[in-house]
Each structure stands twice: as C-alpha cells, then as structure tokens.
Amino acid sequence: MKVAIFDLETFGFYADAGIVLCGCIKEYGKSKVTTIRADDFPSWKKEKSNNRSVIEAIVKELDQYDILVAHNGQYFDKRWLNTACLEYGLFPICRAKKFIDPVLISRKHLRMGRNSLAALLDHFDIPIKKTPLELKQWLKATLDGNQTCMNTIVAHCKQDILALEMLYDRVRPLVDKIDNRGSAF
C-alpha cells in the first residue's frame, strides 16, 4: 500500500470562503516532494478565487495513494478538499481513502497538554520544527500575488510534511489497524 504524507496551506479556514494556496504531497519513505502551487496555474493571475485547477491537481496526485496522512487532516484538510471537490463537480477523493491523522492518535493514546504538530515535534525531539508564518504573509500572497510571501508559505508547507513524516514514524506503533474509515486510533 502506498502512503502519502500531505498538507494544505489555505487562505481562510473554510472552503466556501477561501482558497488553497498550495498542497505538498510526499510518498512515505521517499525523498521527492510534489508541490502544487496556486500561482503556477494561469487562472491565478486573472481569477484567484477559482481554485478548480489547483484542486484537480491535488486530487489527481492524492489518487495515486491508498492511505493519506495529514496532521489535523481529518477535520481540516480532508473536509476542505471534500468541499472543494463537490463545488467543482469532482469526486471527493479523501472520502474514499484510508486516513491516518496523528492529532487524533495523540488525543486518544497520549497525555499531552497540546496535540499541535509543533507541540508533538518538540516533545519527541524531532529535529524538523514548524516555521513561523505571519497573517500578513498569507494576505500578501493571496491578495497581492506577492511571490516572496508565496515562496515562504510553500517552504512552510514542505517543512510541515517532512516533520509530519518523522512524527508519523513515532506514532505509527499506536495505529492498531487500518480499516475502511482509516486508522483505528
């Protein structure tokens, strides 16, 4: 079974009032990171609110995998993509995939004060840390098309999945089984 570690960076917390700026996807155990950036698509210059091409590209990439791993992905990334897929008449790929969410595994099996990716990376001494981002960087990337800010957001997303892969290695022993809903956390 092929496992993908993935993350989305969005402008806005809700798919009906935001856009995906980028998605990074990495096959577990491999070094290549696939990055899908909104500003790589022609629609970005004319109609930033039309995220169809970005969503299609992310869905096409994720469809190659049997299991998806995303931190807080069950409640954020998966739901965001499902909403966007239905908006654009696409099959909601995340609904059909097995899903492992380390934040849910942590909440069920660990006794942590916080279950954020940053907190878990710190606790387990994982050498890759989250990079700080300011709200202004999202604003400038989205509203102004600022390339420097977009590059910072993409670098943040890539670093998140590299860190998440290491965290996944750490919490994998807590995954009892994978069934048709995902991890039996």
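Among the numbered criteria (1) surrounded by 12 or more Cβ atoms within 10 Å (Cβ to Cβ); (2) charged (D, E, K, R); (3) part of a helix (DSSP H, G or I), which single criterion is violated by Asp16?
The number of the failed condition is (1).
Yes/no per residue for (1) crowded, with 23+ Cβ neighbours inside 10 Å; (2) in contact with a strand residue (DSSP E or B) (Cβ under 7 Å, 6 or more places away or on another chain); (3) not in a loop (DSSP other than H, G, I, E, B):
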residue: Leu8; (1), (2), (3): yes, yes, yes
residue: Cys24; (1), (2), (3): yes, yes, yes
residue: Val54; (1), (2), (3): yes, yes, yes
residue: Ala57; (1), (2), (3): no, yes, yes
residue: Gly73; (1), (2), (3): yes, yes, no
residue: Leu81; (1), (2), (3): yes, no, yes
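If a residue has to be free of Cβ contacts under 8 Å to residues at least 24 places away in the same chain and either in a helix (DSSP H, G or I) or surrounded by 13 or more Cβ atoms within 10 Å (Cβ to Cβ) (or both) to count, how many in the stretch 117-131 make the cut?
Going through the stretch 117-131 one residue at a time, the tally reaches 4.
Are any residues in the stretch 59-71 in contact (Cβ under 8 Å) with a residue 60 or more places away in the chain and either in contact with a Pro (Cβ under 7 Å, 6 or more places away or on another chain) or surrounded by 15 or more Cβ atoms within 10 Å (Cβ to Cβ) (or both), and if so, which ones?
Tyr65, Ile67, Leu68, Val69, Ala70, His71
Would you pick out the residues in the stretch 26-35 that are without any contact (Cβ under 8 Å) to a residue 40 or more places away in the chain, in a strand (DSSP E or B) and not polar (S, T, N, Q)?
Glu27
Looking only at the stretch 28-41, count how many residues are buried (at least 17 other Cβ atoms within 10 Å of the Cβ) and of a type in the set (D, E, K, R).
Selection size over the stretch 28-41: 2.
Look through the stretch 132-160, keep the residues that are more than 19 Å from Phe6 (Cα to Cα) and in contact with a strand residue (DSSP E or B) (Cβ under 9 Å, 6 or more places away or on another chain), and return whichever of them is surrounded by the most Cβ atoms within 10 Å (Cβ to Cβ).
Ala141
Conditions first: (1) of a type outside the set (D, E, K, R); (2) in contact with a Ser or Thr (Cβ under 9 Å, 6 or more places away or on another chain); (3) surrounded by fewer than 16 Cβ atoms within 10 Å (Cβ to Cβ). Gly89 passes all but one, so which condition is the exception?
Condition not satisfied by Gly89: (2).
Please pick out the residue among Lys140, Lys108, Lys136, Lys97 that is over 17 Å from Gly23 (Cβ atoms) and either touching a Ser or Thr at 6+ places or on another chain (Cβ under 6 Å) or touching a residue at least 24 places away in the same chain (Cβ under 8 Å) (or both).
On the way: Lys140 fails: either touching a Ser or Thr at 6+ places or on another chain (Cβ under 6 Å) or touching a residue at least 24 places away in the same chain (Cβ under 8 Å) (or both); Lys136 fails: either touching a Ser or Thr at 6+ places or on another chain (Cβ under 6 Å) or touching a residue at least 24 places away in the same chain (Cβ under 8 Å) (or both); Lys97 fails: over 17 Å from Gly23 (Cβ atoms).
Within the list Lys140, Lys108, Lys136, Lys97, the selection yields Lys108.
Can you name the residue in the stretch 92-110 that is in a helix (DSSP H, G or I) and hydrophobic (A, V, I, L, M, F, W, C) and, of all such residues, is surrounded by the fewest Cβ atoms within 10 Å (Cβ to Cβ)?
Among residues in the stretch 92-110 that are in a helix (DSSP H, G or I) and hydrophobic (A, V, I, L, M, F, W, C), the one surrounded by the fewest Cβ atoms within 10 Å (Cβ to Cβ) is Ala96.
Every number in this text was worked out from the coordinates using simple rules, so none of it is lab data. Note that the structure is a prediction, hence the values are computed from the model and not measured. All Cβ positions, glycine included, derive from the backbone under ideal geometry; neighbour counts span all protein chains shown.
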